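Trainee: Please find one structure pasted underneath; my questions will follow.
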Amino acid sequence: MDSFEKLPPEVIQQILANIGDFAGIENSLLASRRLNAVFQAQPTRIIKELILSNPITCMPEIQKLCYNIGHLSISSLQCPDLEHYLQTCEDPPTLGYTESRHILKIGAQIQRLACKCLSIMREGLIKTLDNIPADSISGPPLQIQNASQPFTWTEEYRTYWALWHLHHYSHLRKAATQRWNWNESSIRQLDAYNTWSEIAYRAAERLWTVSAVLSDLGLTLNWLPNDPEAEEPAQTIWPAPKETSIPFFPSFDLPPTQSQDSSLWATPDSPEDTELTSALMLAPRHRTSHHWHVVHLYLSGIRLTRTWAACYSLTNMKPWRRLGWVIWDGWRMYSIGLSDIARQKKVLLPDGGFLEPEQRTPWDPEPEIDYVARWFAMIGEEKP
């Protein structure tokens, strides 16, 4: 029996609007004809309220991606080039049932992929730490148990952000090549996604990190769409020209062996902007910031390549992508013992402790703990 059968439509609309969970709503619509009928009657209102109530899609930049993907689902849409498409996206699309269900489907798919990616990266981090011999670490021991703590909103946001952009680019490129027949010049402009999407060069590595994990999950992709034979780049994408294209996915459907929802959860609420969340850069206003361990790994890798015994181990990003290095927040890495926390004033910590002020940046001399040596231990090497 459909448990929603006797509820009035207004109540069901309110229930759907307050769930804020794409996969949860999609599963509910499949299970309940009553819910599906109410969604069909008010698709625009429900999908807009869902976007605004979800802790990730309510962010303006993700909200825009949702609506851009909604534009692409309109079969009658014709865009002769990128400029026309961007002009079209300046206004929200007209969302009927088909377009709303498409956004819901993409949002649910992204939610499942995000949960998969986060779980795999955390499992990889824990396994790597477990395999480090205790006697190879100087200073305080690693607190491996802290690697398994729940995902923070910041970590989830970074993963979802990457997935929404990868979906947007891949759907747009398919439309440009298969529906609209753009010429080569327009395709080159499209492939310079980071440029016209105004993605900062450091944030771009998150796209490649999530793409690497999706590849390991069995998804097919073109690392460089204009070069189908290209392989995953070993170096970080940071120093690459900004017009470098991002990975293209013909499909985001997981193989049957990976498609179970065993690791599916709703996105956590965004934290309030407090002294604690601000100091650790965990509040939403810091969502585009880069934590100490990310910048320090990059700078340390560059520095080691310029020594007399040039070492390139830290500049090979392939293992670090699988470990989610650019996804994790500074508190997780600090609590494990893999990173410091940059601070110019006293910082309160979630465990009740605090850190004294320290006037130092990643460019300054090494801290008391040799974090670089610990990073080498993670990839089974010794620091030169």
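The values are calculated or read from the model by the stated rules, or taken from the named source; none is laboratory data. In this text, all values refer to a predicted model and were calculated from it rather than measured experimentally. Please note: Cβ atoms are built from the backbone with ideal geometry, for glycine as well, and neighbour counts cover all protein chains shown.
Trainee: What number of residues within segment 35-62 satisfy the criterion of being surrounded by fewer than 18 Cβ atoms within 10 Å (Cβ to Cβ) and either of a type in the set (G, A, S) or modelled with pLDDT under 90 (or both)?
Mentor: 3
Trainee: While we're on this one: In segment 192-205, which residues are touching a residue at least 12 places away in the same chain (Cβ under 8 Å), surrounded by fewer than 22 Cβ atoms within 10 Å (Cβ to Cβ) and not polar (S, T, N, Q)? Working first, answer last.
Mentor: So the first thing to find is which residues in segment 192-205 are touching a residue at least 12 places away in the same chain (Cβ under 8 Å), and the list is 192-197, 199-205.
After this cut, where a residue has to be surrounded by fewer than 22 Cβ atoms within 10 Å (Cβ to Cβ) as well, the list is 192, 195-197, 199-203.
The answer is A192, W196, I199, A200, Y201, R202, A203.
Trainee: What about S278, is it surrounded by fewer than 17 Cβ atoms within 10 Å (Cβ to Cβ), assigned to a loop (DSSP other than H, G, I, E, B), at pLDDT below 90 and among the small types (G, A, S)? If you could, list the steps in order and put the result at the bottom.
Mentor: Working: surrounded by fewer than 17 Cβ atoms within 10 Å (Cβ to Cβ): yes; assigned to a loop (DSSP other than H, G, I, E, B): no; at pLDDT below 90: yes; among the small types (G, A, S): yes.
So S278 does not fit the description; no.
Trainee: Return the residue satisfying two criteria in turn: it lies in segment 246-288 and is within 30 Å of G353 (Cβ to Cβ) and of a type in the set (D, E), and of such residues it is nearest to the chain's Cα centre (by Cα).
Mentor: Among those that are within 30 Å of G353 (Cβ to Cβ) and of a type in the set (D, E), it is D269.
Trainee: Name the single residue, out of those in segment 227-270 being at pLDDT 90 or above, surrounded by 12 or more Cβ atoms within 10 Å (Cβ to Cβ) and among the charged types (D, E, K, R), that is farthest from C311 (Cα to Cα).
Mentor: Top of the filtered list is D253.
Trainee: I'm trying to understand the selection: among the residues of segment 316-347, which are in a helix (DSSP H, G or I), under 21 Å from the mean Cα position of the chain (by Cα) and either under 28 Å from L217 (Cα atoms) or among the basic types (K, R) (or both)? Reasoning before the result, please.
Mentor: Step one: of segment 316-347, the residues in a helix (DSSP H, G or I) are 318-322, 330-336.
Filter again for under 21 Å from the mean Cα position of the chain (by Cα), leaving 318-322, 330-334.
Result: K318, P319, W320, R321, R322, G330, W331, R332, M333.
Trainee: In addition: Considering only residues that are among the hydroxyl-bearing types (S, T, Y) and within 16 Å of D253 (Cβ to Cβ), look in segment 208-226 and name the one that is surrounded by the fewest Cβ atoms within 10 Å (Cβ to Cβ). Show your work before the answer.
Mentor: Step one: list which residues in segment 208-226 are among the hydroxyl-bearing types (S, T, Y), which gives 209, 211, 215, 220.
Right, trim to within 16 Å of D253 (Cβ to Cβ) and you get 211, 215, 220.
Details: S211: 23, S215: 16, T220: 12.
If we take residues in segment 208-226 being among the hydroxyl-bearing types (S, T, Y) and within 16 Å of D253 (Cβ to Cβ), then T220 is surrounded by the fewest Cβ atoms within 10 Å (Cβ to Cβ).
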